[in-house]
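Heads up: the structure comes next, in C-alpha cells.
The values are calculated or read from the model by the stated rules, or taken from the named source; none is laboratory data. The structure displayed is predicted, hence computed values, not measured ones. Note that each Cβ is placed from the backbone with ideal geometry, even for glycine, and that neighbours are counted across all protein chains shown.
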Amino acid sequence: MAAPLRLRSTLALVTGGGSGIGRAVCARLAEEGALVAVADQNEAGAAETVRGLPRGEPGQEHEAFGVDVSSAQSVGELMARIQARFSAPPRVCVSCAGITMDEFLLKQTEAAFDKVLQVNLKGTFLVTQAVARGLVESGVPGGSIINMGSIVGKVGNLGQVSYAASKAGVEGLTKTAAKELARFGIRCNVVLPGFIATPMTDKVPPKVLQKICALSPGSPFPLGCRGAPCSPAISDPSPPAAQFAGMVPLGRLGDPKEVADVCVFLASDESRYITGASVEVTGGLFL
C-alpha cells in the first residue's frame with residue numbers, strides 16, 4: 001500500500017520556483033499532494049516548473065505567477081492573485097527566491113550589495129510578512145513558513161560578503177518570526193544548504209573560486225579540500241561544481257531534491273513540534 005500523501009490538498013507558495021532548489025521544492029510538494037503556487041521573477045520559468053509537476057486532485061491545478069519579491073507592491077499583488085485563484089491563503093510557504101553577486105569586500109559596490117539584500121533579505125521579509133498576515137486574517141490556526149538561508153550566512157565565505165550578510169539576516173528574521181507567530185500556531189524554520197548543484201553554483205567567479213580553494217584546512221575559514229590542496233590556477237578546467245565537491249566531507253555536491261526533502265518534512269505535520277530551527281543540508285561542510 002502506498003504511503004499517504006503528507007500534504008494532500010495543502011496550498012503551498014514557493015518563491016524562486018522557476019529553477020534550481022525552488023523547482024525541486026515545487027516538485028516534492030506536489031508529489032506529496034500539495035497544490036502549488038509557483039512564483040518567480042521569471043514567469044516563463046515558473047510556468048515551465050508547473051508543466052513538469054504531477055497533476056493535483058481533480059479540479060485543483062497548480063499555477064504559475066510572476067513576482068518581484070523585493071517589491072512590497074508586487075508581493076501584495078501576488079497574494080491577492082493567489083487569494084482570488086484559490087480562495088485561501090497558502091498554508092505552506094517556501095521562500096527560495098535569491099541571487100548572488102559575488103565579489104570581495106574591498107571591491108563590492110554599494111549597488112550590488114543593496115541588490116542582493118533587497119532580493120534575499122528584504123524579499124524574504126516581505127513574503128514572510130504577507131503570508132503570515134494572510135494566515136492570521138484567515139482565522140484558521142496553523143501554517144508553516146520555510147525560508148531558504150545558507151550555511152554561508154552562518155560561517156561567512158570569501159567573495160560573498162553581500163550573500164553571507166543577506167543569508168545571516170534571513171536566519172535571524174526567521175527565528176524572530178518563529179517567536180512572534182507561535183501564538184497563532186504558525187511555525188517558521190530556516191534551511192541552510194551548503195554547496196548544492198544548481199545554476200547558481202556555476203556562477204562563482206574564477207577569481208573567487210581560486211581564493212577559496214587556495215585556503216588550507218587549518219585556515220580560520222575552514223574551506224580546505226578534505227586535507228588536499230585545490231588547484232589555485234584560474235585556468236583549472238574543472239567546473240566550480242567539481243572543485244566545490246572536494247571541500248565536502250561526503251565528497252559530493254548536494255542535489256536540490258535533498259534540500260526539497262527537508263522542506264517537505266518541515267511543511268508537513270511530521271515537524272509539528274519544530275519551529276525556529278536552522279536545518280543544515282551541507283554534507284558535513286564546515287564541520
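Has segment 83-91 got any residue that is at pLDDT 95 or above, buried (at least 22 other Cβ atoms within 10 Å of the Cβ), closer than 19 Å to Gly22 by Cβ and under 20 Å from the mean Cα position of the chain (by Cα)?
Scanning segment 83-91, I find at least one residue that is at pLDDT 95 or above, buried (at least 22 other Cβ atoms within 10 Å of the Cβ), closer than 19 Å to Gly22 by Cβ and under 20 Å from the mean Cα position of the chain (by Cα), so the answer is yes.
Need the failing condition index for Cys26 against (1) in contact with a helix residue (DSSP H, G or I) (Cβ under 7 Å, 6 or more places away or on another chain); (2) of a type outside the set (Lys, Arg); (3) surrounded by fewer than 23 Cβ atoms within 10 Å (Cβ to Cβ), just the number.
Against the list (1) in contact with a helix residue (DSSP H, G or I) (Cβ under 7 Å, 6 or more places away or on another chain); (2) of a type outside the set (Lys, Arg); (3) surrounded by fewer than 23 Cβ atoms within 10 Å (Cβ to Cβ), Cys26 comes up short only on (3).
I need every pair where a residue in segment 61-72 that is assigned to a loop (DSSP other than H, G, I, E, B) has its Cβ under 7 Å from the Cβ of a residue that is polar (S, T, N, Q) and at pLDDT 95 or above, sequence separation at least 6 or different chains.
From residues that are assigned to a loop (DSSP other than H, G, I, E, B), the pairs are Val67/Thr15; Val67/Gln41; Val67/Ser74; Asp68/Gln41; Asp68/Ser74; Val69/Thr15; Ser70/Gln118.
Output the residue which, of all residues in segment 80-107 that are touching a residue at least 24 places away in the same chain (Cβ under 8 Å), of a type outside the set (A, V, I, L, M, F, W, C) and in a loop (DSSP other than H, G, I, E, B), is farthest from Thr275 (Cα to Cα).
Here the residue is Asp102.
All but one of (1) outside any helix (DSSP H, G or I); (2) of a type in the set (Asp, Glu); (3) under 30 Å from Ser162 (Cβ atoms) hold for Glu77; which doesn't?
(1)
Filter segment 167-194 down to the residues that are small (Gly, Ala, Ser) and within 17 Å of Val279 (Cα to Cα) and list them by number.
Ala168, Gly169, Gly172, Ala177, Ala178, Gly194
Within segment 247-285, which residues are more than 17 Å from the chain's Cα centre (by Cα), of a type outside the set (A, V, I, L, M) and surrounded by fewer than 16 Cβ atoms within 10 Å (Cβ to Cβ)?
Passing the criteria: Pro249, Gly251, Arg252, Asp269, Glu270, Arg272, Tyr273, Gly284.
Find the residue count for segment 128-159, including only residues that are over 18 Å from Gly172 (Cβ atoms), of a type in the set (Gly, Ala, Ser) and either in contact with a Phe, Trp or Tyr (Cβ under 6 Å, 6 or more places away or on another chain) or outside any helix (DSSP H, G or I) (or both).
5
What are the residues in segment 50-78 that are within 29 Å of Asp114 (Cα to Cα) and either surrounded by fewer than 20 Cβ atoms within 10 Å (Cβ to Cβ) or touching a Gly at 6+ places or on another chain (Cβ under 6 Å) (or both), if any?
Once the filter is applied, which keeps residues that are within 29 Å of Asp114 (Cα to Cα) and either surrounded by fewer than 20 Cβ atoms within 10 Å (Cβ to Cβ) or touching a Gly at 6+ places or on another chain (Cβ under 6 Å) (or both), segment 50-78 yields Gly66, Asp68, Val69, Ser70, Ser71, Ala72, Gln73, Ser74, Gly76, Glu77.
Just wondering, is there one or more residues in segment 35-49 that are in a loop (DSSP other than H, G, I, E, B) and not basic (Lys, Arg)?
Yes: one or more hits.
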